[in-house]
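The values are calculated or read from the model by the stated rules, or taken from the named source; none is laboratory data. Worth saying up front: this structure is predicted, and the values here are computed from it rather than measured. We place every Cβ from the backbone using ideal geometry, glycine too, and count neighbours over all the protein chains shown. Quick note on the areas: whole protein, heavy atoms, side chains included, nothing else; ligands and nucleic acids left out. Shrake-Rupley method; radii C 1.70, N 1.55, O 1.52, S 1.80 Å.
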Amino acid sequence: MSIVLPPGGVLIGLGCDLIEVERIKGVLERHGERFLSRVFTEEERAYCSSIKYPHKHYAARWAAKEAVAKAFTTGIGPHLDWTSISVYHGPRQEPLVRLDAKADALLRQVGATHVWLSLSHIDSHAMAVAALVKH
């Protein structure tokens with residue numbers, strides 16, 4: 001079986017983020033559902049809650065949202081909401097990004113057509129790298 005990579009493109013923006021997993025675990029313990037519903041989409045909450053150590057996966061998604069916001073150079077705020085960015089898995093379990101209408105409009109405004117994402121986590125840290133590209 002051969003693996004076909006997606007086509008390359010022009011790099012429009014790049015962002016990365018690193019977070020301590022314990023930080024997210026602590027916020028989850030203190031604020032629970034209020035925190036989850038403010039930051040994560042239903043799709044993300046359904047996935048993470050099905051995993052043995054959900055805080056590690058929430059931390060990776062937090063890092064992903066930060067990395068995407070940094071790639072846009074806007075941060076989370078007036079241009080992007082926390083839930084504007086949703087991380088899900090593709091057919092090979094690769095992390096993919098789903099944008100809401102607000103974020104999709106921003107993607108077009110900056111001249112990009114796609115968001116590429118890489119995630120990683122260990123017991124102590126989670127990280128993400130996001131790239132905005134134009135195909």
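For region 1-23, the set of residues classified as touching a helix residue (DSSP H, G or I) at 6+ places or on another chain (Cβ under 9 Å) and free of Cβ contacts under 8 Å to residues at least 60 places away in the same chain consists of Arg23 only.
Among the residues of region 2-24, those identified as within 19 Å of Leu96 (Cα to Cα) and either open to solvent by less than 50 Å² (accessible area, probe 1.4 Å) or among the small types (Gly, Ala, Ser) (or both) are Gly8, Gly9, Gly13, Gly15, Asp17. Among the residues of region 30-50, those that are assigned to a helix (DSSP H, G or I) and closer than 14 Å to Lys65 by Cβ comprise Phe35, Leu36, Arg38, Val39, Glu43, Glu44, Arg45, Cys48. For Val97, the test of being open to solvent by 30 Å² or more (accessible area, probe 1.4 Å), part of a strand (DSSP E or B) and either without any contact (Cβ under 8 Å) to a residue 24 or more places away in the chain or of a type outside the set (Phe, Trp, Tyr) (or both) is failed. The residue that is surrounded by the most Cβ atoms within 10 Å (Cβ to Cβ), counting only those in region 25-50 that are among the hydrophobic types (A, V, I, L, M, F, W, C) and closer than 17 Å to Ser86 by Cα, is Phe40.
Across region 51-65, the number of residues qualifying as open to solvent by less than 10 Å² (accessible area, probe 1.4 Å) and either at positive phi or not in a helix (DSSP H, G or I) (or both) comes to 0. Suppose the filter is surrounded by 18 or more Cβ atoms within 10 Å (Cβ to Cβ), aliphatic (A, V, I, L, M) and under 18 Å from Ile19 (Cβ atoms); does Ala112 pass it? So Ala112 does not fit the description; no.
Identify all residues within region 115-127 that are open to solvent by less than 30 Å² (accessible area, probe 1.4 Å) and more than 10 Å from Ala59 (Cα to Cα); write none if there are none. Answer for region 115-127, where residues must be open to solvent by less than 30 Å² (accessible area, probe 1.4 Å) and more than 10 Å from Ala59 (Cα to Cα): Val115, Leu117. Would you point out the residue of region 70-94, among those that are of a type outside the set (Gly, Ala, Ser), under 14 Å from the mean Cα position of the chain (by Cα) and in a loop (DSSP other than H, G, I, E, B), that is surrounded by the fewest Cβ atoms within 10 Å (Cβ to Cβ)? Step by step, filter region 70-94, then rank; the result is Glu94. Annotation note: Cβ proximity below 8 Å between a residue of region 24-52 that is among the polar types (S, T, N, Q) and a residue that is surrounded by 12 or more Cβ atoms within 10 Å (Cβ to Cβ) (sequence gap 6+ or interchain) occurs for Ser37/Arg45; Thr41/Thr83; Thr41/Ser86; Thr41/Arg98. Residues in region 100-110 that are in a loop (DSSP other than H, G, I, E, B) and closer than 16 Å to Gly15 by Cα: Val110 only. Is it the case that Arg34 is farther than 24 Å from His125 by Cβ and under 11 Å from the mean Cα position of the chain (by Cα)? Considered against the rule, which asks whether it is farther than 24 Å from His125 by Cβ and under 11 Å from the mean Cα position of the chain (by Cα), Arg34 comes out as no.
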